[in-house]
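To keep things clear, I will list the structure first and then write my remarks on it.
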Amino acid sequence: MYSITEVTKQYATKERGTIDALRGIDLDIADGELVSIQGPTGGGKSTLLQMLGGLDRPTSGFVVAFDRDLATLDDAELTTIRAQRIGFVFQHYNLIPVLNASENVEAAILPANSGGTITAEERRERAHAVLAKVGLADRATHRPAELSGGQQQRVAIARALVKEPEVLLADEPTGNLDEGMRDEIWEVIEGLWRDAGLTVVLVTHDSAIAQRTPRRLRIANGELSELG
């Protein structure tokens with residue numbers, strides 16, 4: 001799925017000069033793996049996830065996914081890959097307040113449907129199907145303000161899944177939730193990985209979550225290591 005070779009990322013700042021966010025990262029992630037990435041704030045976790053998602057480009061090195069080097073693709077090609085092949089879940093749910101749960105999920109299909117091959121009825125059916133997968137079939141017509149934090153995150157997960165991606169990238173998906181809700185969201189993600197065969201990469205500060213993943217990585221000061 002992913003083959004990352006000698007990836008660096010540098011940022012220039014007025015206050016601190018050049019910051020090395022990533023320092024020569026080498027990483028292979030196989031199809032269908034569930035991987036967690038831990039590390040201190042500012043250590044490079046989110047920067048690495050952005051590389052995997054084609055949201056940022058490395059200063060040097062190679063980020064190969066889907067048999068393409070994401071670092072060399074133009075913006076239009078990256079947009080297509082993000083829209084069709086990668087699902088994103090973030091700590092902040094980023095739901096549209098005026099849309100209900102189903103409409104929020106449907107909105108994710110539109111960028112991947114530039115050819116107009118998916119009808120409005122098919123969008124609704126797919127949205128309801130993924131909401132059912134995350135346990136929210138009975139909340140499809142509720143707006144975000146009418147949902148709990150855990151329910152909103154479930155909608156965000158459904159939104160990431162509705163385009164049927166090959167990869168799910170999650171950046172602190174349980175960071176805003178209490179312990180009970182955290183465990184519920186983890187069970188949703190783990191179940192989707194197990195049942196749908198997704199490749200899942202999860203950034204988290206929460207060791208209780210990371211310890212449940214088959215493979216654990218740590219990144220600090222831009223350098224990556226494998227945990228037991």
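The values are calculated or read from the model by the stated rules, or taken from the named source; none is laboratory data. Quick caveat: nothing in here was measured; it's all calculated off a predicted structure. Here the Cβ positions follow ideal geometry from the backbone for every residue, glycine too, while neighbour counts run over all protein chains shown.
For the range 22-72, how many residues meet the condition of being polar (S, T, N, Q) and over 19 Å from residue 170 (Cβ atoms)? Total meeting the criteria: 3.
If the condition is being within 27 Å of residue 198 (Cα to Cα), exposed (fewer than 15 other Cβ atoms within 10 Å of the Cβ) and of a type in the set (Gly, Ala, Ser), then the range 25-46 contributes 30, 32. Across the range 176-228, the qualifying residues are those that are free of Cβ contacts under 8 Å to residues at least 24 places away in the same chain, within 27 Å of residue 26 (Cα to Cα) and of a type in the set (D, E, K, R), and the one among them that is surrounded by the most Cβ atoms within 10 Å (Cβ to Cβ) is 194. A Cβ distance below 8 Å, combined with a sequence gap of six or more or placement on separate chains, defines the contacts here; from the range 50-62, residues that are closer than 11 Å to residue 5 by Cα reach residues that are modelled with pLDDT of 95 or more and of a type in the set (Lys, Arg) in the pairs 58/9. How many residues does the range 35-82 contain that are farther than 22 Å from residue 224 by Cα and hydroxyl-bearing (Ser, Thr, Tyr)? Qualifying residue count for the region: 3. Before we move on, is residue 106 crowded, with 19+ Cβ neighbours inside 10 Å and not hydrophobic (A, V, I, L, M, F, W, C)? Yes: the conditions hold for residue 106. Can you spot a residue in the range 52-59 that is over 26 Å from residue 110 (Cα atoms), at pLDDT 95 or above, within 17 Å of the chain's Cα centre (by Cα) and buried (at least 19 other Cβ atoms within 10 Å of the Cβ)? No - not one qualifying residue is present in the range 52-59.
With the condition being under 25 Å from residue 31 (Cα atoms), I'd like the helices (runs of 4 or more DSSP H) fully within the range 49-135 carrying at least 3 qualifying residues.
Numbers: elements: 75-85, 101-107, 120-133.
The helices (runs of 4 or more DSSP H) meeting that bar are 75-85, 120-133.
Applying the criterion of at least 1 residues that are of a type in the set (Ser, Thr, Tyr) to the strands (runs of 3 or more DSSP E) found wholly in the range 155-228 leaves 199-203, 223-226.
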